[in-house]
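Novice: Sharing a structure below in C-alpha cells format, with a few things to ask.
Throughout, read-outs are computed from the coordinates displayed, never taken from laboratory work. Since we're looking at a predicted model, the values are computed, not measured. So basically every Cβ, Gly included, is an ideal-geometry build from the backbone, and we count neighbours across all protein chains shown.
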C-alpha cells in the first residue's frame with residue numbers, strides 16, 4: 001500500500017500485516033512523515049478482514065526504533081505552533097496503535113530506546129532477538145515523561161522495575177528485559193523473523209472474534225475503573241457465541257481437524 005513515505009513500509013502476508021519503520025541509516029528514528037503514516041497504515045489493516053495480526057518492526061539490524069528523528073526538530077519543532085502540530089501527529093499515531101482491536105506485536109532487534117520502547121509498549125506482545133538492548137534515557141537528558149507512557153510501562157513491568165528503568169536511564173539486556181516482563185520472548189537473531197512469523201501465524205489461525213473479546217477484557221483490567229466499558233465487552237463475548245466461528249470450532253473439535261475461522 002501507499003504509506004505516503006518510503007520511510008514506512010506496509011505489506012500483508014498470510015494474515016499478518018507488517019508495518020516496517022524504514023530509516024535504517026538513522027536507526028529507524030521516526031520522522032514527522034512517519035508519524036503521519038502510522039494511523040493510515042493501522043486503519044488499512046484494521047479494515048482488512050484478511051489481516052488477523054499486526055507486526056511492527058524496524059528495517060536493518062541495528063535498531064527497532066531509536067526514538068524521534070531529532071535532525072528535523074529545528075524545522076518541525078522550532079516554534080510553539082510547530083511543536084503543537086508535531087505533537088498532534090505523534091498523539092494520533094500512538095492512539096492508532098493503542099486503539100487497535102486486532103492483536104499487535106513488536107519484532108525487536110538491536111536498540112529499542114526512548115520513543116522506540118514507548119512504541120513497542122503500545123503493542124500487545126514484544127518478541128526480541130538476543131542482541132536487543134532497551135532503555136529510557138530521559139533522566140540523562142532532562143526530559144519529562146507524561147503519565148500515560150509511564151503508566152503503560154508500570155502496568156507491564158510493575159512499579160519497582162519501572163522506577164529502575166527511569167531512575168537509572170541505563171541500557172538493559174534482552175535477558176533483563178525478559179526477566180522484568182518487558183518482552184515476552186527472547187530468541188536467537190537468526191531465528192527471530194521465522195519465530196515471529198510462526199507465532200503471529202498461530203494467533204492468526206485462531207478465532208478473531210474470541211481474540212478481540214479477550215483483548216478488550218484484558219485491556220480493561222489495566223484501564224482506570226471509570227473508563228471500563230463492560231457493556232462493549234459483554235457484547236463482544238455475545239458476538240462470539242452467536243458466530244459461525246463458534247459453530248466451526250465445535251465441528252472441528254468433534255471432527256478432530258483444524259478449524260477454519262472466518263471472523264464472523
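Novice: Nearest 10 degrees, 0 to 90: what angle lies between the long axis of helix 230-241 and the longest principal axis of the chain (Cα atoms)?
Specialist: For 230-241 against the chain, the angle is about 40 degrees.
Novice: Using a ≥ b ≥ c from the Cα gyration tensor of the stretch 19-94 (square roots of the eigenvalues), is it rounded, prolate or oblate, where a/c under 1.5 gives rounded and otherwise the larger of a/b and b/c decides, a/b for prolate?
Specialist: Here the stretch 19-94 falls in the oblate category.
Novice: Between residue 72 and residue 228, how high is the FRET efficiency from 1/(1 + (r/R0)^6) when r is the Cβ-Cβ distance and R₀ = 41 Å? Nearest 0.05.
Specialist: 0.60
Novice: Still on this structure, please answer the following. Calculate the FRET efficiency for residue 82 and residue 164 from the Cβ-Cβ distance with a Förster distance of 45 Å, rounded to the nearest 0.05.
Specialist: After rounding to 0.05, the efficiency reads 0.80.
Novice: Go from 0 up to the bin containing the longest alpha carbon distance in the stretch 158-264, width 10 Å each, and give me the % of pairs per bin.
Specialist: Whole-percent P(r) values from 0 Å outward: 12, 26, 28, 25, 8, 1.
Novice: Next up: Using a simple spin-label model with points 7 Å from Cα along the Cα→Cβ vector, what separation in nm is obtained for residue 147 and residue 238?
Specialist: 3.3
Novice: Let me check I have the definition right: for the stretch 8-203, take the eigenvalues of the Cα gyration tensor, multiply each by 5, take square roots. What are those semi-axes in whole Å, largest first?
Specialist: So the three semi-axes of the stretch 8-203 are 24, 22, 15 Å.
Novice: Summing -39500 (n - 2.57) over the DSSP H runs of n ≥ 4 in the chain and dividing by its residue number, what mean residue ellipticity at 222 nm do you reach, to the nearest 500 deg cm²/dmol?
Specialist: -14500 deg cm²/dmol
Novice: Let me ask something else about it. When a/c is below 1.5 the answer is rounded, else prolate if a/b is larger than b/c, else oblate, so apply that to the stretch 207-255 with a ≥ b ≥ c taken from the square roots of the Cα gyration tensor eigenvalues.
Specialist: Prolate, since a/c reaches 1.5 and a/b exceeds b/c.
Novice: Here's something else I'd like to know. So how much slack lies between residue 258 and residue 171, counting 0.36 nm per residue of separation and subtracting their Cα-Cα distance, in nm?
Specialist: 27.0 nm
Novice: Going by alpha carbons, how many degrees (0 to 90, nearest 10) lie between the helix axis of 80-98 and the longest principal axis of the chain?
Specialist: Orientation of helix 80-98: about 30 degrees from the principal axis.
Novice: Moving on. Quick one: helix 32-46 against the long Cα principal axis of the chain, what's the angle to the nearest 10°, folded into 0 to 90?
Specialist: Roughly 0 degrees, rounded to the nearest 10.
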